[in-house]
Structures are given as C-alpha cells and as structure tokens.
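As structure tokens, the structure follows; a few thoughts come after it.
Rule-based calculations on the coordinates, nothing more; no lab input. Quick caveat, the model's predicted, so the values are computed rather than measured. Every residue, glycine as well, gets a Cβ built from its backbone with ideal geometry; the counts of neighbours run over all protein chains shown.
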Amino acid sequence: MSRRFFDDQDFHVGQATELSTSTSHHIGKVLRMAVAEELVVFNGRGGEWSARITAISKKAVTVEPLAFTEQNRSAPLAVTVALPMIKGERMDYAIQKATELGVSELVILDTERCEVRLKGERQDKKLSHWQQVATSACEQCGLNRVPTVRGVLNLRDWLSSDLPTLKLIAHPGEQPFSPAALQEEKELVLLTGPEGGFSDEELQRAADAGFVSFALGNRVLRAETAPVALLAALWAWHGH
C-alpha cells in the first residue's frame, strides 16, 4: 500500500504539483523517498489522488497526480466528540484514536475539573498540534476528510450552542441511551469528561440541554479512554 500524505491544496490529474514545505520535508528528508516512487495525496476536501514523485530538491518535492478516487471511507454517522483538555500524550492518544474511529469533529472543552489550563499563544499552539495529530491519523488510517479540532470552549457556553438532536454524555444514568436511536439520526454529539469527572452542576446543565447518559456498565473510564471505547460501541450498535 502506498504511503499517504495530506497537503492542503488543489490537485489535478496530469498536472505536476509542488508540495508544501512540511510535506516535502517529511517525504524528502525524513522518509528519504526517491523520484519515481508512488504515493497517495489528499487535501481533506474529499477523495484522494494516486501520484508519482517527479522531482526532489532541497526545498520541495514535486508530484504528478495519476488518478483520482472519490472514496472517502467516512463513517455513516456524523459524530462530534467533545472532550476536556487532558495532560500530555494522553490527549494526543484520545484525538488520534477518535480520528481513526471516524469522528467528524473534535471540540476541546474547559470544564471545572480539567487537568490543564491553556490561554493565548500556548492554547493556539496546542490546538495546532492537536489538528496535526488528527491529520496524521487520517494519513495512517485511510480517511480523506480530516476532522476539525476546535476550542478551547467553556463547557457551559458549548452546552447552550446549536447541537444535534441526539446528545450523549459519558456518565451512568437511570435512563440510559437506547441504541435504536442510532438508526433514526444522521448526526450526534458525544460529551466525555475529565479525569475527575463532571461536577453535579455540569451534569445538571447537560441534562437540561437534553444529553442522555451513555456508559459501558458502571466502570469508570479514563478521560482518554472514554471517547475511544464509546465510539467503538456506537459503531458496533450502528452495524458499521
């Protein structure tokens, strides 16, 4: 299978295209690929191109797209995952695995018991890094539409925003989510909590906003595990 690379620009079959600085560096300097090697490129706007390297210079790699394929391998249900900021590599793990499992959007939240607080330039750098984590995951797993990573949003403000009809929260409840609802909706949102869990006020606000409890038994999942495990359960119930 050819290596896959994301590059945010238009591609046209038969038209030589110089790749971006970062993509060129990865292909030419890190992977040390050679002229005439074949690869796959995609721009996140749908589909992918099989291509061949035609030139490698000190600053850029040039490829010629050979054929276009419309297949996106996207999940049949548009799922937004909203999760809190988590320390270090565990956040990267949550974003990477959620992307591999077909999430369409990731919303980063600031909750009462968040382990991390970011502002200004540090926050912008982290968001950029998390977006790159999602992009790299798409390169690896074959998806051609990269989920958007947005935030950091206050949980209260986000709960009052325009959200899909089907809203799930990773928390045990007396009236748990019924998988039958998955067959009736085209989109949903899954809210997962921080390591210390949601506060009572946050749980009440989520309930008032129409969120339904969604959990795998009564066990407590780690903040980075919950999005992955619950997404996998959703797809198993959905039949894809």
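The convex hull defined by the C-alpha atoms of the stretch 78-238 has an orientation-averaged projected area of 8.9 nm².
Distance between the 7 Å Cα→Cβ label points at Glu70 and Ala34: 3.8 nm. Mean separation of Cα pairs under 8 Å and 6 or more residues apart, divided by the residue count, gives the stretch 64-207 a relative contact order of 34 percent. For the chain, the relative contact order works out to 20 percent when only alpha carbon pairs closer than 8 Å and six or more residues apart are counted.
Projecting the Cα positions of Leu182, Ala134, Val152 onto the charge dipole of the stretch 78-238 (unit charges on Cβ atoms of Lys, Arg, Asp and Glu, taken about the Cα centre) puts Ala134 furthest along the positive direction. For n ≥ 4 DSSP H runs only, could you compute -39500 (n - 2.57) per run for the chain, divide by its residues and tell me the 222 nm figure to the nearest 500? Taking each H run of at least 4 residues, the total per residue is -8500 deg cm²/dmol.
Computed from backbone phi with θ = phi - 60° and the Karplus coefficients 6.51, -1.76 and 1.60, the 3J(HN,Hα) list for the stretch 101-113 is 8, x, 5, 9, 7, 10, 10, 8, 10, 9, 10, 4, 10 Hz; x is used for glycine and proline. Taking label positions 7 Å along the Cα-Cβ direction at both Gln132 and Asn218, the computed distance is 4.5 nm, reported to one decimal.
With labels modelled as points extended 7 Å from the Cα through the Cβ direction, what inter-label distance (nm, one decimal) is found for Ser160 paired with Ser57? Calculated label separation equals 5.4 nm. In the chain, the longest principal axis of the Cα atoms and the axis of helix 226-238 are about 90 degrees apart. With respect to the chain, whose longest principal axis is taken over its alpha-carbon atoms, helix 88-100 is tilted by about 80°. List the residues, sorted by chain then number, that are 5 or more residues from Gly151 or on another chain and whose placed amide H is less than 5 Å from its amide H. Here Ile108 satisfy the definition. Say the cut-off is 30 Å between C-alpha atoms; which of Lys59/Lys87; Lys29/Lys125; Lys126/Lys167; Lys58/Lys125; Lys87/Lys186; Lys59/Lys97 go over it? Correct reply: Lys59/Lys87; Lys87/Lys186; Lys59/Lys97. A Cβ-based charge dipole, computed about the Cα centre of the stretch 4-69 with Lys and Arg at +1 and Asp and Glu at -1, lands at about 280 debye. What you get for the chain, charging only the Cβ of Lys and Arg (+1) and of Asp and Glu (-1), is a dipole of about 740 debye around the Cα centre. Listed values for the stretch 71-81 are Karplus-derived 3J(HN,Hα) couplings in whole Hz (6.51 cos²θ - 1.76 cosθ + 1.60, θ = phi - 60°), namely 4, 10, 6, 6, 5, x, 10, 7, 10, 9, 9, and x replaces Gly and Pro. For the stretch 150-163, putting each phi into the Karplus relation 6.51 cos²θ - 1.76 cosθ + 1.60 with θ = phi - 60° gives couplings of 10, x, 8, 10, 5, 4, 4, 5, 5, 4, 8, 7, 6, 10 Hz, in residue order, rounded to whole numbers and with x for Gly and Pro.
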